[in-house]
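*Asks:* Please find one structure pasted underneath; my questions will follow.
The values are calculated or read from the model by the stated rules, or taken from the named source; none is laboratory data. Worth saying up front: this structure is predicted, and the values here are computed from it rather than measured. When we count neighbours, we look across all protein chains shown, and the Cβ atoms used for this are built from the backbone with ideal geometry, even at glycine. Protein only, heavy atoms only, side chains kept; ligands, DNA and RNA dropped before computing areas. Shrake-Rupley method; radii C 1.70, N 1.55, O 1.52, S 1.80 Å.
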Amino acid sequence: MMHMSSATHHEAGHDRLADVSGPSDATGPNVGRIGRIGRICRSPLGWMLIGIVGVGAVSAVTTTGPGPVPVLGAAVAVAVYWAVMRFVARRPMPEIARRGAMREALLGGGIGLGFILVSALLVTAFGGYSFSWGGNGFWRVVASAVAVSACAAVTEELMFRGLALQALERLFGSRAAVGITALFFGAAHLANPGATAWSTLAIAIEAGTLLGAAFLWRRSIWFAAGLHFAWNATEQLLGIPVSGDTAKGLLSMHASGSSLLTGGTFSLEASIVTVLIGAALVVPMFVLAHRQGGLLPRQRVAR
């Protein structure tokens, strides 16, 4: 913005204030109140809540929409996230950089795919699952799994890792932020079909902590979203309920035996096998994040 240093600038500014706000001056209570609101919005908790409301609203409207609507919803959610970070938080956004985005998404997707395939294979080997062909139509099932999983993965990672984790680590440090967001991530699945106290804890450990550690390691929403996407899409294609939600897959899964092994009605994500594998993956990710300087202690957090 250009600056005027003469008395003309003062007079013009006074006239504009008079036109807009009448007799009140720039130091009145309304201006002070606006200033306080601005500071609150620009604080970590402020932009976190504004962003979560915005991205969450997009997710609620588009995730279960027809055809390509969920994919469009994911794109809109990224735009909302960018706007909140750019104009409210006023911070750079390397976590959604386009450069290297595909590489990060594919790397995360490979880990997510392997995680679910190994977990399902071990549960099957122990007699917990059996599979048969679903007969639901190949392309229709694949298109649905891709669209819904993409929207869920992108919007949830923007909310929990992009907004909540990054805001909380500025206040409490990275480790505490992962723990807090993991608990909230588990609690967010309490309303899902078949949810129990155990499934909530399982989701917090194997998903909330794992995705938090993944983000700290790569500092990329695309990496975390790729992992999350491959996880959800693979489950659906195998005919395994995704966090208790059943959808048509390429295969049909039939569970039998102990619910601790199979996850019961909540399915694979409440299996002790998945929890143990997820917890095992968290350790090297945290180690790599620490070596790369990606873990922020509280005393280094920007105010």
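*Asks:* Does T246 fit the bill of being within 15 Å of S149 (Cα to Cα), among the polar types (S, T, N, Q) and surrounded by fewer than 18 Cβ atoms within 10 Å (Cβ to Cβ)?
*Replies:* yes
*Asks:* Take the conditions out of contact with any Pro (no Cβ under 7 Å at 6 or more places or on another chain), more than 24 Å from V71 (Cα to Cα) and among the basic types (K, R) and apply them to R175. Does it pass?
*Replies:* When the stated conditions are applied, R175 passes them.
*Asks:* Which ones in segment 250-296 are of a type in the set (A, V, I, L, M), more than 23 Å from the chain's Cα centre (by Cα) and part of a helix (DSSP H, G or I)? Break it down stepwise before answering.
*Replies:* Looking only at segment 250-296, we keep the residues that are of a type in the set (A, V, I, L, M), and these are 250-251, 253, 255, 260-261, 268, 270, 272-273, 275-277, 279-283, 285, 287-289, 295-296.
Retained after the next criterion (residues that are more than 23 Å from the chain's Cα centre (by Cα)): 250-251, 253, 255, 260-261, 272-273.
Within segment 250-296, L260, L261, I272, V273 meet the criteria.
*Asks:* Just give me the residues in segment 72-85 being over 16 Å from A164 (Cα atoms) and either at pLDDT below 95 or not aliphatic (A, V, I, L, M) (or both), in sequence order.
*Replies:* Selection gives G73 alone.
*Asks:* Every residue in segment 255-267 that is in contact with a Gly (Cβ under 9 Å, 6 or more places away or on another chain) and either surrounded by fewer than 18 Cβ atoms within 10 Å (Cβ to Cβ) or within 18 Å of V118 (Cβ to Cβ) (or both), please.
*Replies:* A255, S256, G257, S258, L261, T262, G263, G264, T265, S267
*Asks:* I need the full set of residues from segment 98-114 which are touching a residue at least 60 places away in the same chain (Cβ under 8 Å) and either within 23 Å of V55 (Cβ to Cβ) or not aliphatic (A, V, I, L, M) (or both), in order please.
*Replies:* G100, A101, M102, E104, A105, G108, G109, G110, G112
*Asks:* Looking at the structure I just gave you, is L45 farther than 21 Å from A230 by Cβ and either hydrophobic (A, V, I, L, M, F, W, C) or open to solvent by 20 Å² or more (accessible area, probe 1.4 Å) (or both)?
*Replies:* Judged against the criteria, L45 is a match.
Let's see how each residue does on (1) in contact with a Cys (Cβ under 7 Å, 6 or more places away or on another chain); (2) surrounded by 13 or more Cβ atoms within 10 Å (Cβ to Cβ); (3) among the aromatic types (F, W, Y); (4) free of Cβ contacts under 8 Å to residues at least 60 places away in the same chain:
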residue	(1), (2), (3), (4)
A75	no, yes, no, yes
W82	no, yes, yes, yes
R86	no, no, no, yes
P94	no, no, no, no
V118	no, yes, no, no
L122	no, yes, no, no
A147	no, yes, no, no
L165	no, yes, no, yes
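*Asks:* Same structure again: Could you look through segment 174-195, keep only residues that are open to solvent by less than 30 Å² (accessible area, probe 1.4 Å) and either farther than 26 Å from G264 by Cβ or of a type in the set (V, I, T) (or both), and pick out the one that is farthest from the chain's Cα centre (by Cα)?
*Replies:* Ranking the candidates gives S174 first.
*Asks:* What number of residues within segment 96-112 satisfy the criterion of being open to solvent by 80 Å² or more (accessible area, probe 1.4 Å) and either assigned to a helix (DSSP H, G or I) or in contact with a Ser or Thr (Cβ under 8 Å, 6 or more places away or on another chain) (or both)?
*Replies:* Of the residues in that region, 3 qualify.
*Asks:* Another question, then. For I240, which of the numbered conditions (1) part of a helix (DSSP H, G or I); (2) more than 11 Å from the chain's Cα centre (by Cα); (3) aliphatic (A, V, I, L, M); (4) more than 22 Å from V69 (Cβ to Cβ) fails to hold?
*Replies:* That leaves (1) as the condition not met.
*Asks:* Right, something else. Take segment 196-233 and flag every residue that is open to solvent by less than 20 Å² (accessible area, probe 1.4 Å) and among the hydroxyl-bearing types (S, T, Y).
*Replies:* S199, S220
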